[in-house]
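The values are calculated or read from the model by the stated rules, or taken from the named source; none is laboratory data. Small disclaimer: the values here were computed from a predicted structure and weren't measured. Here the Cβ positions follow ideal geometry from the backbone for every residue, glycine too, while neighbour counts run over all protein chains shown. Quick note on the areas: whole protein, heavy atoms, side chains included, nothing else; ligands and nucleic acids left out. Shrake-Rupley method; radii C 1.70, N 1.55, O 1.52, S 1.80 Å.
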Amino acid sequence: MSGQLLYKAIYDDLRGKIFSGEYKPGDMLPSEYTLCASFDASRETVRKALKALGNEGLIYSRSKVGNFVSVPNHSDFSLAFTEERDGLTTQFLKVHGIRPDERVRRVLGIDEKQIVIEFSQITRDKNDVPVAIDLKYVPYRKAMPVVENEMRFASYFPGITNVEPFDYYTEIEVSAVAAPARVAELMGCEPGEPLLLIEKTFIRQYGTKIGYSLQYSSKSFGRLHGVSGPMK
């Protein structure tokens, strides 16, 4: 058996025994020496399989002791968020520089004299009914490209702020809010009507806030999907 197939066989065997309960949380796995002998494998192949299990959070290593089965935490969720939905169309309403309100200043950590570029866009369903309003904010800097030429990046802040894709991360917060007057007018609903608000803050790895997004939705336009614990 090739090294690649053998590594997969060891990985599948240990993983299957963890999921079946043969190896329970806190149990120590067989030693590397034992696994090498059991599978007629090199130590490098065994360690590759153990590393893969560790990357999944299924096991952890204690130096000079061995590898142990992790205790799953079912209160921690990994969330996936998508705005891609069939039958919806999105168009820009306006792109302009503004003096931000207190909320935007606070999130982006800027003062009241700082100009931000606001991108507003509306999403409609197949019946042309507004289902979401997006307001995105990027601090304006003199070295920025001409915004009109960067419209294709309006939902992708790094395209405007010259940040590499892996040089930032995103924080997301979801809440229920009453529709502000401006949003209610654009969506054709009553001010104060309950809406879902999805806030996203885009942050460079060293802490600088590079963008802020507010998405108001009248229905489950933006879909959140969460998973707790490892999946078989």
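For every residue, the table says whether it meets (1) more than 27 Å from the chain's Cα centre (by Cα); (2) more than 30 Å from TYR169 (Cβ to Cβ); (3) of a type in the set (Ser, Thr, Tyr).
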{"residue": "PHE19", "(1), (2), (3)": "no, yes, no"}
{"residue": "VAL65", "(1), (2), (3)": "yes, yes, no"}
{"residue": "PRO72", "(1), (2), (3)": "no, no, no"}
{"residue": "PHE81", "(1), (2), (3)": "no, no, no"}
Candidate set from region 196-232 (those that are small (Gly, Ala, Ser) and surrounded by 18 or more Cβ atoms within 10 Å (Cβ to Cβ)); member that is farthest from ILE122 (Cα to Cα): GLY211
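Here is a yes/no grid of residues against (1) more than 30 Å from THR123 (Cα to Cα); (2) at pLDDT below 90:
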{"site": "TYR23", "(1), (2)": "yes, no"}
{"site": "LEU29", "(1), (2)": "yes, no"}
{"site": "THR34", "(1), (2)": "yes, no"}
{"site": "LYS51", "(1), (2)": "yes, no"}
{"site": "SER61", "(1), (2)": "yes, no"}
{"site": "VAL69", "(1), (2)": "yes, no"}
{"site": "HIS74", "(1), (2)": "yes, yes"}
{"site": "LEU79", "(1), (2)": "no, yes"}
Subset tally (residues that are aromatic (Phe, Trp, Tyr) and closer than 19 Å to SER63 by Cβ) for region 17-51: 1
Condition check for ILE160: modelled with pLDDT under 90, of a type in the set (A, V, I, L, M, F, W, C), surrounded by 13 or more Cβ atoms within 10 Å (Cβ to Cβ) and over 12 Å from TYR216 (Cα atoms): yes
Odd one out for SER20 among (1) among the polar types (S, T, N, Q); (2) free of Cβ contacts under 8 Å to residues at least 12 places away in the same chain; (3) open to solvent by less than 60 Å² (accessible area, probe 1.4 Å): (3)
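A quick yes/no check of all residues on (1) in a loop (DSSP other than H, G, I, E, B); (2) among the aromatic types (Phe, Trp, Tyr):
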site	(1), (2)
ILE10	no, no
PHE19	no, yes
GLU22	yes, no
THR45	no, no
HIS74	yes, no
Where a residue in region 213-232 is touching a residue at least 12 places away in the same chain (Cβ under 8 Å) and its partner, wherever it lies, is polar (S, T, N, Q) and loosely packed, with under 12 Cβ neighbours inside 10 Å, with Cβ under 6 Å and at least six apart: ARG223/THR82; VAL227/SER78
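Yes or no, residue by residue, for (1) crowded, with 16+ Cβ neighbours inside 10 Å; (2) at pLDDT 70 or above:
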{"residue": "GLU84", "(1), (2)": "no, no"}
{"residue": "THR90", "(1), (2)": "no, yes"}
{"residue": "GLU102", "(1), (2)": "no, yes"}
{"residue": "GLU112", "(1), (2)": "no, yes"}
{"residue": "VAL129", "(1), (2)": "no, yes"}
{"residue": "VAL147", "(1), (2)": "yes, no"}
{"residue": "TYR168", "(1), (2)": "yes, yes"}
Residue within region 49-65 that is over 16 Å from LYS232 (Cα atoms), open to solvent by 30 Å² or more (accessible area, probe 1.4 Å), assigned to a helix (DSSP H, G or I) and touching a helix residue (DSSP H, G or I) at 6+ places or on another chain (Cβ under 8 Å) present: no
